[in-house]
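Visitor: What follows is a structure written as structure tokens; I'll ask about it next.
The numbers here are math on the coordinates, done by the rules we state, and not lab data. Quick caveat, the model's predicted, so the values are computed rather than measured. Neighbour counts are summed over all protein chains in view; Cβ atoms, including those assigned to glycine, are modelled from backbone coordinates with ideal geometry.
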Amino acid sequence: MFDTKKSEEELMKLFQKIKDKTIIVEGKRDKQVLYSFGFTNVHTIDKGLYELSEKFEKKEIIILTDFDKEGKEISKKLSLFLQIRNKIDRQTRRKVGLLLSKLNIKTIEELKSLR
């Protein structure tokens with residue numbers, strides 16, 4: 001059995017480490033939720049994935065699309081477009097996904113329940 005409080009604390013520590021990195025999320029509500037946690041450089045997928053990939057050049061990017069089936073697919077496709085010009089931090093996405101699964105959370109928007 002895992003400790004929910006401990007998972008929340010680990011997630012908050014991780015968020016503190018990455019809050020100034022370039023983050024990509026699916027929509028405006030996801031962006032608002034991350035801003036409420038102190039994130040400063042969050043971008044939404046408001047264009048096609050290719051157009052979005054052209055927006056970034058030589059950056060380290062963390063893709064925090066939802067951890068449901070659709071979000072995982074978007075993450076895969078976006079990674080393919082972005083990896084040509086950028087470094088994709090897949091390890092942080094995996095860590096966030098693991099902590100969210102322990103908290104029974106699948107979408108970024110659901111994080112507002114931790115506020």
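Visitor: Can you find a residue in region 108-115 that is in contact (Cβ under 8 Å) with a residue 40 or more places away in the chain, assigned to a helix (DSSP H, G or I) and within 13 Å of the chain's Cα centre (by Cα)? Show your work before the answer.
Guide: Our first condition is that a residue be in contact (Cβ under 8 Å) with a residue 40 or more places away in the chain; within region 108-115, this holds for 108-109, 111-112, 114-115.
With the extra rule that they be assigned to a helix (DSSP H, G or I), the set shrinks to 109, 111-112, 114.
Filter again for within 13 Å of the chain's Cα centre (by Cα), leaving 109, 111.
Yes, the conditions are met somewhere in region 108-115.
Visitor: Which of (1) of a type in the set (D, E, K, R); (2) part of a helix (DSSP H, G or I); (3) in contact with a helix residue (DSSP H, G or I) (Cβ under 8 Å, 6 or more places away or on another chain) is the odd one out, the single condition residue 76 does not satisfy?
Guide: (3)
Visitor: For region 8-40, enumerate the residues that are in contact with a helix residue (DSSP H, G or I) (Cβ under 6 Å, 6 or more places away or on another chain) and assigned to a strand (DSSP E or B).
Guide: Selection gives 25 alone.
Visitor: Suppose we keep only residues that are without any contact (Cβ under 8 Å) to a residue 40 or more places away in the chain and assigned to a helix (DSSP H, G or I) within region 83-102. Which one would you say is nearest to the chain's Cα centre (by Cα)? Spell out how you get there, then give the answer.
Guide: Start the filter on region 83-102 by keeping residues that are without any contact (Cβ under 8 Å) to a residue 40 or more places away in the chain, which leaves 83-88, 90-91, 93-94, 97-98, 101.
From what's left, assigned to a helix (DSSP H, G or I): 90-91, 93-94, 97-98, 101.
On the way: 90: 10, 91: 11, 93: 6, 94: 10, 97: 9, 98: 12, 101: 14 Å.
Looking at residues that are without any contact (Cβ under 8 Å) to a residue 40 or more places away in the chain and assigned to a helix (DSSP H, G or I), I get 93.
Visitor: Within region 16-58, can you find the residues that are in contact with a Gly (Cβ under 7 Å, 6 or more places away or on another chain) and under 18 Å from residue 115 (Cα atoms)? First the steps, then the outcome.
Guide: Filtering region 16-58 for residues in contact with a Gly (Cβ under 7 Å, 6 or more places away or on another chain) gives 19, 26, 44.
The answer is 19, and nothing else.
Visitor: Restricting attention to region 28-38, report how many residues are of a type in the set (Gly, Ala, Ser) and without any contact (Cβ under 8 Å) to a residue 40 or more places away in the chain.
Guide: Residues meeting the conditions: 1.
Visitor: In addition: Among 58, 72, 77, 102, which is the only one that is within 22 Å of residue 9 (Cβ to Cβ) and surrounded by fewer than 17 Cβ atoms within 10 Å (Cβ to Cβ)?
Guide: 102
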